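The values are calculated or read from the model by the stated rules, or taken from the named source; none is laboratory data. Bear in mind the structure is a predicted one, so any value in this text is a computation, not a measurement. Here the Cβ is made from the backbone with ideal geometry for all residues, glycine too, and neighbour counts use every protein chain on show.
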Amino acid sequence: MAVKHMLTTSLLLGIFAIAGTSMVALTFDNTEVRIADNEYQALLQSLNALVPPSSHDNDIANDTVEVTSRALLGSKKSNTVYLARLKGVPIAAVISTIAPDGYNGAIKLLVAVNFDGTISGTRVLSHRETPGLGDSIEFERSNWINNFRGLSLLTPDDLGWRVKKDGGIFDQFTGATVTPRAVVKAVHNALLYFEQHRDPLFESGDTTSTATQASNHGQ
């Protein structure tokens, strides 16, 4: 009887262990799906804020090309460029780039550049800058990040693409010069990259229709 009881107990424990593992795995998978969907929606919101949906007819979140330029985009890994088109005509490119020299580490950015080389908008995706000082680069914290809109490689000139402390046109923050200096440099470098690769970017991008790309994302 004792042996039978032990076998029954072991069997039940095994069943519970399998059931528990399955539940954990299922919960993990569901959580991963939700996280991925939330990240996609946040990305889409940022892209729409930088390049108005009314200005293009393609699925900008999926019409992309992967590029690499450690010198201009701040990373030896690939960076994603999101392309906006209207009836196949290039409208703008949203370049994901990195300012590697922030005060507390890398600052991840999106820089939207119109096809004519002017900036449509800029957003900070993530950073570890000091709260109350360096975090003024966030759109939600201050209007500073909007000062890039409408600028280009010609306006201002190279000397102007610096914070005022260094002789440029951009405000620095009280007690925090390193952070805005890093962002200004990264945005300027993104413009340089776009100027050097404008045509190849749109030639290598995916011109599939919006409906088809949206369907593929959902698979």
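I need every pair where a residue in the range 131-145 that is not assigned by TED's automatic domain parsing to the domain that holds Gln45 and at pLDDT 95 or above has its Cβ under 7 Å from the Cβ of a residue that is assigned to a loop (DSSP other than H, G, I, E, B) and surrounded by 18 or more Cβ atoms within 10 Å (Cβ to Cβ), sequence separation at least 6 or different chains.
Pairs that qualify, where the first residue is not assigned by TED's automatic domain parsing to the domain that holds Gln45 and at pLDDT 95 or above and the partner is assigned to a loop (DSSP other than H, G, I, E, B) and surrounded by 18 or more Cβ atoms within 10 Å (Cβ to Cβ), are Ile137/His127; Ile137/Glu129.
Using the structure shown, decide if Gly117 is at pLDDT 95 or above and either closer than 22 Å to Ile60 by Cα or crowded, with 16+ Cβ neighbours inside 10 Å (or both).
yes
Which of the following residues is farther than 30 Å from Glu129 by Cα and modelled with pLDDT of 95 or more: Val24, Val89, Val111?
Matching residue, one of Val24, Val89, Val111: Val89.
Can you tell me which of (1) touching a helix residue (DSSP H, G or I) at 6+ places or on another chain (Cβ under 7 Å); (2) surrounded by fewer than 18 Cβ atoms within 10 Å (Cβ to Cβ); (3) at positive phi is the one Gly74 doesn't meet?
Failing condition for Gly74: (2).
Filter the range 84-94 for residues that are surrounded by fewer than 24 Cβ atoms within 10 Å (Cβ to Cβ) and not β-branched (Val, Ile, Thr) and give the result. Step through it out loud before you land on a result.
Filtering the range 84-94 down to residues surrounded by fewer than 24 Cβ atoms within 10 Å (Cβ to Cβ) leaves 85-91.
Correct list: Arg85, Leu86, Lys87, Gly88, Pro90.
Would you mind telling me which numbered condition in (1) of a type in the set (D, E, K, R); (2) crowded, with 18+ Cβ neighbours inside 10 Å; (3) outside the structural domain of Phe173 (by TED's automatic domain parsing) Asp37 fails?
(2)
Exactly one of (1) buried (at least 22 other Cβ atoms within 10 Å of the Cβ); (2) assigned to a loop (DSSP other than H, G, I, E, B) is unmet by Ala61. Its number?
So Ala61 meets the others, but not (1).
So in the range 156-195, with the set limited to residues that are under 23 Å from Val81 (Cα atoms) and either of a type in the set (Ser, Thr, Tyr) or touching a His at 6+ places or on another chain (Cβ under 7 Å) (or both), which one is surrounded by the most Cβ atoms within 10 Å (Cβ to Cβ)?
The selected residue is Tyr193.
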